[in-house]
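The values are calculated or read from the model by the stated rules, or taken from the named source; none is laboratory data. A quick note: this is a predicted structure, and the numbers were derived from the prediction, not measured. Cβ coordinates were reconstructed from backbone atoms using ideal geometry, including for glycine residues, and neighbour counts include every protein chain displayed. Keep in mind that these areas ignore ligands, DNA and RNA; they rest on the heavy atoms of the full protein, side chains included. Shrake-Rupley method; radii C 1.70, N 1.55, O 1.52, S 1.80 Å.
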There are 2 protein chains.
Amino acid sequence: MGSRKTTPLNNPTLENLHCSIELKTEKLGMVPFFQDLKQPELDKVVEKFSANHFSEGDEIYYQEDPAHYLRVIVEGAVKLLRYTDEGKDVVLDILNPGSYFGSLKLLGSDVYTESAVAQSGCCILSIGLKDFKEVLQEYPAVSIALLESSSEKLRASQEQVKQLTTQSVEKRIANILLTLSGKFGEEKDGGTLLQLPFSRKDLADMAGTTTESASRVMSTFQKEGIIETGRQWVAIQDIERLRSVTKS
Amino acid sequence: MGSRKTTPLNNPTLENLHCSIELKTEKLGMVPFFQDLKQPELDKVVEKFSANHFSEGDEIYYQEDPAHYLRVIVEGAVKLLRYTDEGKDVVLDILNPGSYFGSLKLLGSDVYTESAVAQSGCCILSIGLKDFKEVLQEYPAVSIALLESSSEKLRASQEQVKQLTTQSVEKRIANILLTLSGKFGEEKDGGTLLQLPFSRKDLADMAGTTTESASRVMSTFQKEGIIETGRQWVAIQDIERLRSVTKS
DNA sequence: CGTATCATTGAATTAAATCAAGTCCAGTGG
DNA sequence: CCACTGGACTTGATTTAATTCAATGATACG
């Protein structure tokens, strides 16, 4: 029981330096919908992106702001969420490097339908929608690959709907931990550490529950030896048992 | 109270005749992502589609079947749903004419992630994914318009997530009735009639609740004079009051 | 150290699910 | 045309998962 509760995060405090033009080419090539581009084509596309650094907690954009950019994460994590009128936050997703977000409304103008917050310090590339439209027109393969990514996002959202309507809070939280460990987990002395700064409230807002309920579930998991957890961090000790929680 | 409970549906029993090649061109031109095509281009695209009729309750495809087609509704309504292991059905959407569904996985192969059932008799156009890929490569404008549609679907799914996590069953049902009346409603003696065959179970599966709860909410709405309802049909009498239910 | 923020835990409450009869209607077949 | 029947719908009583309310405990950070 006397488990370590101090944070095991090494808090990299990503500097602006890391968010440089050099990184851009390297990372953009890893984005799924640019993978088909040849190097010279990619170089031309990269020029249209600009890089920005955001610190933990920074708002990247706010829901209902006019949407002008498509963004790609080079480093760090971004939380997409909707603030509701009733004051509850709904976390739609937490994105890892290589993911895109922002707007794809290339025809006419639009507003963002969700807010984006830097979950950790991060480096983000942005491209104006007009420029991006030109890219799509020039390289149809990018459009097609992007359609796939877009379908995949829809699929993930529908999975979320399914879980919300059919599964208990405990199972939803187990699923979220599994998903996040896949995206952000790092192997560490026999377990998978989530380096994300990640509070009970974040977890609750992802699972569609309350911080108290999330806390109770996490306590149970910890007592059962499935996870180790403390303030803003989680380490999964027994991933198989966590998987078995989602079933049954 | 002695309200009519007999069905006001005129049960059109859409015949196969109606699902003809003539209709195809006319209707495909109305699909959002083909709207930019000129008539000769559209004609060429139309040729690649084939038309099929489905009767109410027919399964159009089943989740996890290999996905080979993209489909467009010409007439009728299609229910997209996921059957869960626990035996609960989750209705993701009910689509109206002009909507597309099926798969957009143009690279590599894939399986359907949801099932599709004809909610009413309907006429569906299908195009093989290889053919559709060629269309996209030839007409980049279609890709771009399709990306918009795809984003819109994601937005709708995220809205569903938001509602499931923050709103009561009563509000979710009110919202569903409003959405459906927008898609399928027909003006009829001072109210909006939903011609859809649409059971309490369908409603419950859309709202993520039980038939009993859905029935209770519908009874309340009826007692309050907001709707008229019977077996498989709903007429919205006081849309303003229904809207006010979703707020507050 | 002190303090703000995050996390936990317990008790009371509640929305909705479940369990259990019923009723009502549309279509059937005599 | 009417009685019959099965599926759709309703309603009530009970149970339960999760929220809400209310303290208290722990930890990172200045």
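Would you please name the residue that is farthest from the other protein chains (Cβ to nearest Cβ), looking only at residues in the stretch B:107-162 that are over 22 Å from B:Asp93 (Cβ atoms) and among the hydroxyl-bearing types (Ser, Thr, Tyr)?
Step by step, filter the stretch B:107-162, then rank; the result is B:Ser109.
Kindly provide the set of residues from the stretch B:136-166 that are among the aliphatic types (A, V, I, L, M) and modelled with pLDDT under 95, ordered by number.
Once the filter is applied, which keeps residues that are among the aliphatic types (A, V, I, L, M) and modelled with pLDDT under 95, the stretch B:136-166 yields B:Leu136, B:Ala141, B:Val142, B:Ile144, B:Ala145, B:Leu146, B:Leu147.
Which strands (runs of 3 or more DSSP E) sit wholly inside the stretch B:155-248 and have at least 2 residues that are outside the structural domain of B:Tyr83 (by TED's automatic domain parsing) and either within 15 Å of DNA strand C (Cβ to nearest atom) or under 30 Å from A:Ser103 (Cβ atoms) (or both)?
Here the list reads B:191-194, B:227-230, B:233-236.
How many of the residues in the stretch B:170-209 are of a type in the set (Asp, Glu), modelled with pLDDT of 95 or more and surrounded by fewer than 21 Cβ atoms within 10 Å (Cβ to Cβ)? Walk me through how you get there before you give the answer.
Of the stretch B:170-209, the ones of a type in the set (Asp, Glu) are B:170, B:186-187, B:189, B:202, B:205.
This time we only want the ones that are modelled with pLDDT of 95 or more, so: B:170, B:202, B:205.
Of the ones still in play, those that are also surrounded by fewer than 21 Cβ atoms within 10 Å (Cβ to Cβ) are B:170.
Of the residues in the stretch B:170-209, 1 are of a type in the set (Asp, Glu), modelled with pLDDT of 95 or more and surrounded by fewer than 21 Cβ atoms within 10 Å (Cβ to Cβ).
Any idea how many residues of the stretch A:107-122 are of a type in the set (Gly, Ala, Ser) and free of Cβ contacts under 8 Å to residues at least 12 places away in the same chain?
1
Yes or no: A:Glu148 in contact with a Lys or Arg (Cβ under 9 Å, 6 or more places away or on another chain), assigned to a helix (DSSP H, G or I) and more than 28 Å from B:Gly87 (Cα to Cα)?
So A:Glu148 fits the description; yes.
If A:Ser109 passes every condition in (1) over 21 Å from A:Asn52 (Cα atoms); (2) open to solvent by less than 30 Å² (accessible area, probe 1.4 Å) but one, which one does it miss?
Condition not satisfied by A:Ser109: (2).
Sort through A:Gln167, A:Gln158, A:Gln163 and tell me the only one that's touching a strand residue (DSSP E or B) at 6+ places or on another chain (Cβ under 8 Å), of a type outside the set (Phe, Trp, Tyr) and either crowded, with 18+ Cβ neighbours inside 10 Å or more than 30 Å from B:Leu129 (Cα to Cα) (or both). Explain how you work it out, then say what you get.
On the way: A:Gln167 fails: touching a strand residue (DSSP E or B) at 6+ places or on another chain (Cβ under 8 Å); A:Gln163 fails: touching a strand residue (DSSP E or B) at 6+ places or on another chain (Cβ under 8 Å).
Testing whether each residue is touching a strand residue (DSSP E or B) at 6+ places or on another chain (Cβ under 8 Å), of a type outside the set (Phe, Trp, Tyr) and either crowded, with 18+ Cβ neighbours inside 10 Å or more than 30 Å from B:Leu129 (Cα to Cα) (or both) leaves just A:Gln158.
What number of residues within the stretch A:197-241 are away from chain B (no Cβ under 14 Å), more than 11 Å from DNA strand D (Cβ to nearest atom) and closer than 23 Å to B:Val161 by Cα?
3
How many residues does the stretch A:168-183 contain that are touching a helix residue (DSSP H, G or I) at 6+ places or on another chain (Cβ under 8 Å) and in contact (Cβ under 8 Å) with a residue 40 or more places away in the chain?
Residues that pass the stated criteria total 9.
Tell me which residues, restricted to the stretch B:88-99, are open to solvent by 60 Å² or more (accessible area, probe 1.4 Å) and within 9 Å of chain A (Cβ to nearest Cβ).
Correct list: B:Lys88 only.
So B:Ser248 ticks every box in (1) within 14 Å of DNA strand D (Cβ to nearest atom); (2) within 14 Å of another protein chain (Cβ to nearest Cβ); (3) of a type in the set (Gly, Ala, Ser) but one. Which box is left unticked?
Every condition holds for B:Ser248 apart from (1).
Listed here are the residues, each with its yes/no results for (1) touching a residue at least 40 places away in the same chain (Cβ under 8 Å); (2) within 12 Å of the chain's Cα centre (by Cα); (3) open to solvent by 10 Å² or more (accessible area, probe 1.4 Å).
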site: B:Phe54; (1), (2), (3): yes, no, yes
site: B:Asp65; (1), (2), (3): yes, no, yes
site: B:Tyr69; (1), (2), (3): yes, no, yes
site: B:Val72; (1), (2), (3): yes, yes, no
site: B:Glu86; (1), (2), (3): no, no, yes
site: B:Gly102; (1), (2), (3): yes, no, yes
site: B:Lys105; (1), (2), (3): no, no, yes
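Checking A:Lys79 against (1) touching a Lys or Arg at 6+ places or on another chain (Cβ under 9 Å); (2) within 14 Å of another protein chain (Cβ to nearest Cβ); (3) surrounded by 20 or more Cβ atoms within 10 Å (Cβ to Cβ), only one condition comes out false. Which one?
Answer for A:Lys79: the failing condition is (1).
Which condition number does A:Gly102 fail, the rest of (1) at the interface with chain B (Cβ under 9 Å from one of its Cβ atoms); (2) on the phi > 0 side of the Ramachandran plot being met?
(1)
Can you tell which of A:Glu114, A:Glu134 is charged (D, E, K, R) and open to solvent by less than 20 Å² (accessible area, probe 1.4 Å)?
Just a single option satisfies the conditions, and that option is A:Glu114.
Need the failing condition index for B:Lys44 against (1) in contact with a strand residue (DSSP E or B) (Cβ under 6 Å, 6 or more places away or on another chain); (2) away from chain A (no Cβ under 11 Å); (3) over 23 Å from A:Val142 (Cα atoms); (4) open to solvent by 50 Å² or more (accessible area, probe 1.4 Å), just the number.
(1)
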